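Q: Have a look at this one before I ask anything.
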Amino acid sequence: MSAMPRAHELGLIGCHVCGLVCRDTQIPDAACPRCGSALHRRKPNSRMRTWALLIAAFILYIPANVMPIMRTASLGDADDNTILSGVIELWVKGSPGLAVIVFTASIVVPMMKFLVLSTLLLAVHCGTNWARIQRARLYRLVEFIGYWSMLDVFVVSLLTALVQFGFFSEVEPLPGVVYFGLTVVLTMLASMSFDPRLIWDCKEEDD
Amino acid sequence: MNPPTSHPGHVPSASSSALLICEHCDTVYRRRSLARGDVARCARCDAVLERHQRIGLNAMLALVATVMVVFVLANVWPIMTLGLNGEQIHTRLWGVILMMWRQHAQVVAVLAAGTLFFFPLCKMLVLGWLLVHAQQGRRAPGFKQLMIVLHYIHPWTMSEVFVLGVLVSIVKAQLYFDVSPDTGVFAYAALAGLITIFSGIDLRRLWDTIPAAENAS
């Protein structure tokens, strides 16, 4: 037995919902004796689900960036903003510090999620032992920062509610923000459905 | 810091809660008692296995009660105020949600209502319910289902992000208008702080700390 035994080597399963350590009975529809959730060694269909959600998120991410997310109308003069132009406006007129934060939340984080999750999936597919601990860390990072991408969605919502003076001045949301909100939700679902245990499932020569 | 790594276990002999499985790589450990400030990390993948929980059930209940008060204030008080021609326009969370609904961004309205209102509220009510019963040393009715609910809504509360969103909105709107933060935003900031304290609490331990009723298995 290896020095650091893994659950399946000892015939154990950790419940994914409540964490209880259960004996692996090999029965297909076993339920956790404590919380009643279905027991499985790995998240079911983890790779297919993650790919599907990730691709769906990427498709929605294109209109989210290309289409404007918000319209600022003032005295009949309309100005449409995309995510990127909003960042630039903040950089030029407001504060560069906040522009960096918004840029990180709206562009860097989603792009990083696409890159990291697809790298993780491809590496699992190849069954490589390459940089496992770094991959595990990247996964935890993506899980931790993922929901901060909602920032721009909340900003558009707040500005819409705040600036409502009819013809004189008005902010209204445009379809881009809906696509962006959905992208964030889908990437969150994608990172939740990826099973980090898969990173460690290939054969270990040393250890 | 000097993280004490738990020693890998050998064979499951004693009760199962003596064992601990790393959620990120499935390595099995024997559970060790942690001293104040200790964090047990997985020796294989470096994920956090367990933290010392210095907040007891009573303190948790107090924290939940505080969060509920702050949550009510954050929703009642206006978040931002816009002054125009002597007119003051206040914005509250529900104003934001309803405005997005009316402006044909129903998806966004639903997302905001869920992540900023219903999920946080639901989480606090459920926890409060569980903890009030735990004080009397028993499991609340519906304990099992509610613990599962807590597990699933946990990633979908986003009040912290909203605080940052308010900050960015104020800076953006200030380019054109006279906007100032209102009392509600301070309530939100307090809420974000309390949520950070909460994030260190492992709610799963309620399974262990609140004993099951004698008729339950």
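The values are calculated or read from the model by the stated rules, or taken from the named source; none is laboratory data. Computed from a prediction, not measured in an experiment: that's the story for all the values here. Positions of Cβ are backbone-derived with ideal geometry, glycine not excepted, and every protein chain shown enters the neighbour counts.
Q: Kindly establish whether residue A:35 is facing chain B (nearest Cβ under 10 Å) and not in a strand (DSSP E or B). Spell out how you get there, then give the answer.
A: On the way: facing chain B (nearest Cβ under 10 Å): yes; not in a strand (DSSP E or B): yes.
Yes.
Q: Can you work out which of the residues in region A:177-202 that are within 18 Å of the chain's Cα centre (by Cα), surrounded by fewer than 24 Cβ atoms within 10 Å (Cβ to Cβ) and more than 10 Å from chain B (Cβ to nearest Cβ) is nearest to residue A:6 (Cα to Cα)?
A: A:193
Q: OK, next. Could you tell me which residue of region B:171-191 is surrounded by the fewest Cβ atoms within 10 Å (Cβ to Cβ), considering only residues that are within 10 Å of another protein chain (Cβ to nearest Cβ) and of a type in the set (A, V, I, L, M)? Please lay out each step first, then the result.
A: As a first pass, look at region B:171-191 and keep what is within 10 Å of another protein chain (Cβ to nearest Cβ): B:171-177, B:179.
From the residues that got through so far, the ones that are of a type in the set (A, V, I, L, M) too are B:171, B:173, B:175, B:179.
Values: B:171: 19, B:173: 23, B:175: 13, B:179: 23.
Across region B:171-191, the extreme among qualifying residues is B:175.
Q: Restrict the check to region A:112-119 and report whether at least one residue is within 11 Å of chain B (Cβ to nearest Cβ) and among the polar types (S, T, N, Q). Steps first, answer last, please.
A: So the first thing to find is which residues in region A:112-119 are within 11 Å of chain B (Cβ to nearest Cβ), and the list is none.
Among the residues of region A:112-119, not one is within 11 Å of chain B (Cβ to nearest Cβ) and among the polar types (S, T, N, Q), which makes the answer no.
Q: Taking residue B:28, is it of a type in the set (Val, Ile, Thr) and either in a loop (DSSP other than H, G, I, E, B) or not assigned by TED's automatic domain parsing to the domain that holds residue B:122 (or both)?
A: Working: of a type in the set (Val, Ile, Thr): yes; either in a loop (DSSP other than H, G, I, E, B) or not assigned by TED's automatic domain parsing to the domain that holds residue B:122 (or both): yes.
The answer is yes for residue B:28.
Every residue, every condition in (1) touching a strand residue (DSSP E or B) at 6+ places or on another chain (Cβ under 7 Å); (2) of a type in the set (Asp, Glu); (3) within 14 Å of chain B (Cβ to nearest Cβ), yes or no:
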residue: A:49; (1), (2), (3): no, no, no
residue: A:60; (1), (2), (3): no, no, yes
residue: A:65; (1), (2), (3): no, no, no
residue: A:76; (1), (2), (3): no, no, no
residue: A:80; (1), (2), (3): yes, yes, no
residue: A:104; (1), (2), (3): no, no, yes
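Q: Now a separate question. Only one of A:93, A:43 is free of Cβ contacts under 8 Å to residues at least 60 places away in the same chain, within 14 Å of another protein chain (Cβ to nearest Cβ) and not small (Gly, Ala, Ser); which?
A: Residue meeting the stated conditions: A:93.
Q: Which residues, taken from region A:126-140, are away from chain B (no Cβ under 14 Å) and out of contact with any helix residue (DSSP H, G or I) (no Cβ under 7 Å at 6 or more places or on another chain)?
A: The first filter runs over region A:126-140 and keeps only residues away from chain B (no Cβ under 14 Å), leaving A:126-128, A:130.
Scanning region A:126-140 gives A:126, A:127, A:128.
Q: Also: For region B:76-90, enumerate the residues that are surrounded by 15 or more Cβ atoms within 10 Å (Cβ to Cβ) and either within 18 Å of residue B:198 (Cα to Cα) or free of Cβ contacts under 8 Å to residues at least 60 places away in the same chain (or both).
A: B:89
Condition check ((1) of a type in the set (Gly, Ala, Ser); (2) touching a helix residue (DSSP H, G or I) at 6+ places or on another chain (Cβ under 9 Å)) across all residues:
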site: B:124; (1), (2): no, yes
site: B:127; (1), (2): no, yes
site: B:130; (1), (2): no, yes
site: B:135; (1), (2): no, yes
site: B:141; (1), (2): no, yes
site: B:148; (1), (2): no, no
site: B:162; (1), (2): no, yes
site: B:165; (1), (2): yes, yes
site: B:170; (1), (2): no, yes
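Q: Given the conditions (1) of a type in the set (A, V, I, L, M, F, W, C); (2) crowded, with 18+ Cβ neighbours inside 10 Å; (3) more than 9 Å from chain A (Cβ to nearest Cβ), and given that residue B:164 satisfies all but one, which numbered condition is not satisfied?
A: (3)
Q: Still on this structure: Given (1) of a type in the set (Val, Ile, Thr); (2) more than 8 Å from chain A (Cβ to nearest Cβ); (3) farther than 30 Å from residue A:172 by Cβ, where does residue B:148 come up short, assuming only one miss?
A: Exception for residue B:148: condition (2).
Q: Going through B:59, B:65, B:74, B:40 one at a time, which residue ends up being modelled with pLDDT of 90 or more and assigned to a strand (DSSP E or B)? I'd like the intermediate steps shown before the answer.
A: Values: B:59 fails: assigned to a strand (DSSP E or B); B:65 fails: assigned to a strand (DSSP E or B); B:74 fails: assigned to a strand (DSSP E or B).
Sole residue among the options that is modelled with pLDDT of 90 or more and assigned to a strand (DSSP E or B): B:40.
Q: Taking into account only those residues within region A:22-32 that are in a strand (DSSP E or B) and either over 30 Å from the mean Cα position of the chain (by Cα) or within 11 Å of another protein chain (Cβ to nearest Cβ) (or both), which is farthest from residue B:147 (Cα to Cα)?
A: First, the residues of region A:22-32 that are in a strand (DSSP E or B): A:22-23, A:31.
Filter once more, so that each one left must be either over 30 Å from the mean Cα position of the chain (by Cα) or within 11 Å of another protein chain (Cβ to nearest Cβ) (or both): A:22-23.
Numbers: A:22: 18, A:23: 22 Å.
Among those residues, the one meeting the criterion is A:23.
Q: Further question: Kindly evaluate residue A:78 against the criterion of being surrounded by 14 or more Cβ atoms within 10 Å (Cβ to Cβ) and within 30 Å of residue B:179 (Cα to Cα).
A: Working: surrounded by 14 or more Cβ atoms within 10 Å (Cβ to Cβ): no; within 30 Å of residue B:179 (Cα to Cα): yes.
No, not satisfied.
Q: Select from region A:10-21 the residues that are facing chain B (nearest Cβ under 7 Å) and assigned to a strand (DSSP E or B) and list them in ascending order.
A: Of the residues in region A:10-21, the ones facing chain B (nearest Cβ under 7 Å) are A:10, A:12, A:14, A:17-21.
Residues satisfying the conditions are A:12, A:14, A:21.
Q: Can you name the residue in region A:140-171 that is of a type in the set (D, E, K, R) and modelled with pLDDT of 90 or more and is also surrounded by the most Cβ atoms within 10 Å (Cβ to Cβ) among such residues? Quick ask: steps written out before the conclusion?
A: First pass over region A:140-171, keeping only residues of a type in the set (D, E, K, R): A:140, A:143, A:152, A:170.
Filter again for modelled with pLDDT of 90 or more, leaving A:140, A:143, A:152.
Numbers: A:140: 17, A:143: 17, A:152: 25.
Once the filter is applied, the top-ranked residue is A:152.
Q: Right, next: May I ask you to list the residues in region B:44-56 that are acidic (Asp, Glu) and in a loop (DSSP other than H, G, I, E, B)? Break it down into steps so the answer makes sense when it comes.
A: Start the filter on region B:44-56 by keeping residues that are acidic (Asp, Glu), which leaves B:46, B:50.
Hit for region B:44-56 is B:46, nothing else.
Q: Need the failing condition index for residue B:61 against (1) without any contact (Cβ under 8 Å) to a residue 12 or more places away in the chain; (2) within 16 Å of the chain's Cα centre (by Cα), just the number.
A: (1)
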